[in-house]
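As C-alpha cells, the structure follows; a few thoughts come after it.
Just so you know, all these numbers are worked out from the coordinates, no wet-lab data involved. All values derive from a computational prediction rather than experimental measurement. Glycine gets a Cβ as well: all are built from the backbone with ideal geometry, and neighbour counts include every protein chain shown.
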C-alpha cells in the first residue's frame, strides 16, 4: 500500500473512533443525562409568581411543545399548585436521552431565576 493510502485509512479509523466513542456525550465531552420525567415549578413568596418565573415557565412549555410537534413522544401536564398562581409543569418521556437533553436545556433556561425549581421526579396527575 502507498503511504498516502495508509495515512488516509488511519485518519478514517481515528475519526470514526472519535465520533463513535463520543456517542451519548454532549458538549464538553460530558455524558448526556437521561431521565424519564422532570417537573418545573413556578413558585411565589406571597405576592404571586414573579414575571421572570412565569416567562421561564412559558419558555419551557414552548420548548416541550416544539419537541412534541417535531415527533417526540412527550406527555405534558400543567396545573396550579397554589393560590397565587404557583404552577407545576411536568413532562414524561419515552426516550430517556431526549428527556435528559431537554432537562439540560430547561436547567439552562432557569439558572439564576428566582422562584423556579426544576426537579427530576415522576409526574402525577394532580397535587
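Our estimate of slack between residue 76 and residue 94, defined as 0.36 nm per intervening residue step minus the Cα-Cα distance, is 5.3 nm. When only alpha carbons of segment 64-127 are considered, Rg and Dmax amount to 12.4, 35 Å.
Each label was represented as a point 7 Å from its Cα along the Cα-to-Cβ direction; for residue 114 and residue 51 these points are 1.4 nm apart.
For the peptides 100-107, 76-83, 58-65, the ranking by packing is 100-107, 58-65, 76-83, with the highest mean count of neighbouring Cβ atoms within 10 Å listed first.
Just subtract the alpha-carbon distance of residue 58 and residue 36 from 0.36 nm times their residue separation and send over the number in nm, one decimal. Intermediate values should be presented prior to the final figure.
Numbers: separation 22, 0.36 × 22 = 7.92 nm, distance 2.11 nm.
Length gained between residue 58 and residue 36: 5.8 nm.
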